[in-house]
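What follows is a set of notes on a single structure, which appears directly below.
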Amino acid sequence: MNVAQQGSKTSLVNDFDAVIIGAGFAGMYMLHSLREAGFSTKAFEAAEDVGGVWYFNRYPGARCDIESIVYTYLFSEKLYQDWTWTSRYPDQPEILSYLNYVADKLNLRKDIQFKTRIHAAHYDEANENWRIYLNDGTSVTAKYFIPAVGGLSATNVPNFKGLNHFKGEWYHTGNWPKDEVDFNGKRVGVIGTGSSGVQVIPIVAKEAEHLTVFQRTPQYMLPARNHQLDPEFIRQTKADYKEIKQQVRNSATGDLRKSMNCSVFDVTKEERLQALEEAWEKGGFIPGFTDVFTDEKANETVAEFLRSKISDIVHDPETAEKLMPTYYYGTKRQVLNTDYLETFNRDNVTLIDVKKAPIEEITTTGVRTTQKEYELDILVFATGFDAITGPLFKMDIRGRNGISLKEKWKNGGQISTYLGLATSNFPNLFLITGPESPAGFTNNVAVIESNVEWIIECVKYLREHDLNTIEAEKEAEAGWSKSVADLANKTLFVKTESWWTGANIPGKPRGLPLYLGGFKKYLEICKEVEDKEYEGFSLF
Ligand code: N01
């Protein structure tokens, strides 16, 4: 037991100054920072070890689509210099190794309790603390409660009739077993063609006797052109550490992506096509024209270019036609791929359009659509996540007067936060990559670092000023939520069904609770609030 010693007002004995949930990128950095600042801290993690989503998403082909040199902690030059990434886009085993390296270097595991789920956290107004309930029936108390659970950790297995009766094996990409799954000689079905499906499909196709892909919405495909990093590039990125950190923090997306800085229509058609061809050859995300996500006609120019690539690559015209997306380009999270379209030229791969012929049932031996039954030995759900709020709603989080976070945000569908970092009626609860933060549209590691650093400065301020509690004010929160919604409503993103808009989960309220003003602007706003001694928050 630790006695919270900050400030004369604090007489309560809490188990910890801070409790964190999760030991992924966010939880690990938060734990390190709180400890460095002298706060007694405990992290709880459901998995057996560190890694967060990179612990659970160990499906074949799992790879990050943000470049390794920035999908990494930048807060510590020593950590940066002592680790060497091997490829442009790091795969899951390498990211997990990296997080293990960090956990070792910073000696984090001694303050993480693994194999422990938190099912509830309740704010106690009398004691001004949080009581956090563990799955072993015990509970702990802390002044600060920090669910560092990310936005993409609550897996979504659609409620198909009959799944319980399926006699084969089935897996979700986001909760993949540690033991290798053997696809050799098997009839495999994959449902879902988002980032996860697009990565797992080419790998499974090479092993399985037959692969059936159940696609509801085709995606625009961008080639990753992943490659090994050469020693000179590695030497240079290490030498450029400070500039890279600076560039990330001055960017719109928290990475080194370049933007075109002009409208689609400021250049000629030839110039536009040349820029798109160059981007296609280079691989990675296409540098954004300023109006591509706000103007339908501008958007269509890029969409048309990407559709033409599908016809170029896929031999069978009928299959190519099924793979053609019609929604606004980029308004579902963009997908980088390696050999995805080429996979449909294989004889052992079949593409089924389940928008046309929806899945009716999982039978004991496979999947039945309204048109046909497909016999399968293994079924893979690449069906994504109950994103953004899902991981928080899995817990019973209650603030003042017993008000539940789920009720606050779900009734009327109104998610509301201040800066994506806090929400009124939930004192001393801090979010990392929370709803209404730039996460989801930004390199998440960059958002994590900025959120953690803001939180640390905040709790240090509270300690220095002998304050026990910080809480977002309702007016500030309403203002932030409105600005988030206003920015989103000017874009084409809100017109498409995606996990960003909540449309992937039946019955989930629609919206786009992510800040689209750009990472740099977000950092400036957060800094201003900090400089004005937490304007928009009540401190007491
Ligand atoms: O999930 P998704 P994901 N019947 O929601 C389909 C990050 N990530 O796991 O589009 C039939 O994108 C659904 O169809 P539709 C990244 O941010 C990153 O792939 O809703 N199909 C869709 O095709 C990413 O965006 C990396 O019509 C159903 C698919 O399942 C996010 O995680 C790798 C269905 C789900 O796609 C989520 O990606 C992996 C149903 N009932 C993930 N329900 C990298 O860094 C859903 N679908 C590369």
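The values are calculated or read from the model by the stated rules, or taken from the named source; none is laboratory data. Everything numeric here is computed off the predicted structure, so don't read it as measured data. Here Cβ is always computed from backbone atoms with ideal geometry, including for glycine, and neighbour counts include all displayed protein chains. We work out accessible area using only protein heavy atoms, side chains counted, and drop any ligands, DNA or RNA first. Shrake-Rupley method; radii C 1.70, N 1.55, O 1.52, S 1.80 Å.
Some observations on this one:
- Residue check, SER498 on the phi < 0 side of the Ramachandran plot, crowded, with 18+ Cβ neighbours inside 10 Å and among the small types (Gly, Ala, Ser): yes
- The listed residues are LEU222, LEU256, LEU276, and the only one of them that is surrounded by 14 or more Cβ atoms within 10 Å (Cβ to Cβ) and part of a helix (DSSP H, G or I) turns out to be LEU276.
- Lone unmet requirement of (1) outside any strand (DSSP E or B); (2) open to solvent by less than 30 Å² (accessible area, probe 1.4 Å) for LEU211: (1)
- For the criterion of being within 11 Å of the ligand (Cβ to nearest atom) and open to solvent by 40 Å² or more (accessible area, probe 1.4 Å), ARG187 fails.
Each row is one residue, and each column tells you yes or no for (1) open to solvent by 30 Å² or more (accessible area, probe 1.4 Å); (2) acidic (Asp, Glu); (3) under 20 Å from GLU449 (Cβ atoms).
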site: ILE20; (1), (2), (3): no, no, yes
site: PHE39; (1), (2), (3): no, no, yes
site: GLY51; (1), (2), (3): no, no, yes
site: TYR59; (1), (2), (3): no, no, no
site: PHE75; (1), (2), (3): yes, no, yes
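- Residues of the range 370-419 satisfying the condition of being within 16 Å of the ligand (Cβ to nearest atom), of a type in the set (D, E, K, R) and buried (at least 17 other Cβ atoms within 10 Å of the Cβ): ASP386
- Residue count for the range 421-466, restricted to those that are open to solvent by less than 10 Å² (accessible area, probe 1.4 Å) and of a type in the set (Val, Ile, Thr): 7
- Residue check for VAL140: surrounded by 15 or more Cβ atoms within 10 Å (Cβ to Cβ), more than 13 Å from the ligand (Cβ to nearest atom), outside any strand (DSSP E or B) and aliphatic (A, V, I, L, M): no
- SER311 satisfies every condition listed in (1) open to solvent by 10 Å² or more (accessible area, probe 1.4 Å); (2) in contact (Cβ under 8 Å) with a residue 60 or more places away in the chain except (2).
- The residues of the range 129-165 that are in contact (Cβ under 8 Å) with a residue 12 or more places away in the chain, farther than 22 Å from ASP386 by Cβ and either of a type in the set (Lys, Arg) or out of contact with any Phe, Trp or Tyr (no Cβ under 8 Å at 6 or more places or on another chain) (or both), listed by number, are ASP136, LYS143, HIS165.
- Test for ILE201: is it open to solvent by less than 10 Å² (accessible area, probe 1.4 Å) and closer than 30 Å to ARG398 by Cβ: no
- Total residues in the range 24-58 satisfying the condition of being without any contact (Cβ under 8 Å) to a residue 24 or more places away in the chain and out of contact with any strand residue (DSSP E or B) (no Cβ under 9 Å at 6 or more places or on another chain): the figure is 1.
- Taking the listed residues PRO513, PRO509, the one that is part of a loop (DSSP other than H, G, I, E, B) and away from the ligand (no atom under 16 Å from the Cβ) is PRO509, with no other qualifying.
- Qualifying residue in the range 168-177 (condition: near the ligand (Cβ under 10 Å from one of its atoms), under 25 Å from the mean Cα position of the chain (by Cα) and farther than 25 Å from PRO513 by Cα): yes
- Filtering the range 317-329 to residues that are surrounded by 12 or more Cβ atoms within 10 Å (Cβ to Cβ) and not in a helix (DSSP H, G or I) leaves LEU323, MET324, PRO325, TYR327, TYR328, TYR329.
- Contact map, the range 472-485: first residue surrounded by 15 or more Cβ atoms within 10 Å (Cβ to Cβ), second residue of a type in the set (Lys, Arg), Cβ cut-off under 7 Å, separation 6 or more or different chains; the map is empty.
- The set of residues in the range 128-137 that are within 15 Å of LEU429 (Cα to Cα) and in a loop (DSSP other than H, G, I, E, B) contains only GLU128.
- Residue under evaluation ALA503, criteria (1) open to solvent by 10 Å² or more (accessible area, probe 1.4 Å); (2) within 16 Å of the ligand (Cβ to nearest atom); (3) in a helix (DSSP H, G or I), criterion not met: (3)
- Residue under evaluation GLU94, criteria (1) away from the ligand (no atom under 14 Å from the Cβ); (2) closer than 28 Å to GLY384 by Cβ; (3) surrounded by fewer than 19 Cβ atoms within 10 Å (Cβ to Cβ), criterion not met: (1)
- Residue in the range 34-51 that is of a type outside the set (Phe, Trp, Tyr), farther than 20 Å from LEU421 by Cβ and within 16 Å of the chain's Cα centre (by Cα) present: yes
- Scan of the range 487-500 for residues that are touching a residue at least 40 places away in the same chain (Cβ under 8 Å) and not in a loop (DSSP other than H, G, I, E, B), ordered by number: PHE493, LYS495
- THR193 within 16 Å of the ligand (Cβ to nearest atom), within 27 Å of LEU323 (Cα to Cα) and either surrounded by fewer than 18 Cβ atoms within 10 Å (Cβ to Cβ) or of a type in the set (Ser, Thr, Tyr) (or both): yes
- Some residue of the range 349-369 being within 15 Å of the ligand (Cβ to nearest atom), farther than 28 Å from TYR89 by Cα, among the acidic types (Asp, Glu) and open to solvent by 50 Å² or more (accessible area, probe 1.4 Å): yes
- Any hit, the range 163-180, residues being assigned to a helix (DSSP H, G or I), open to solvent by less than 10 Å² (accessible area, probe 1.4 Å) and within 20 Å of ARG346 (Cα to Cα): no
- Verdict on LEU99 being open to solvent by less than 10 Å² (accessible area, probe 1.4 Å), closer than 26 Å to ASN135 by Cβ and in contact with a Leu (Cβ under 8 Å, 6 or more places away or on another chain): no
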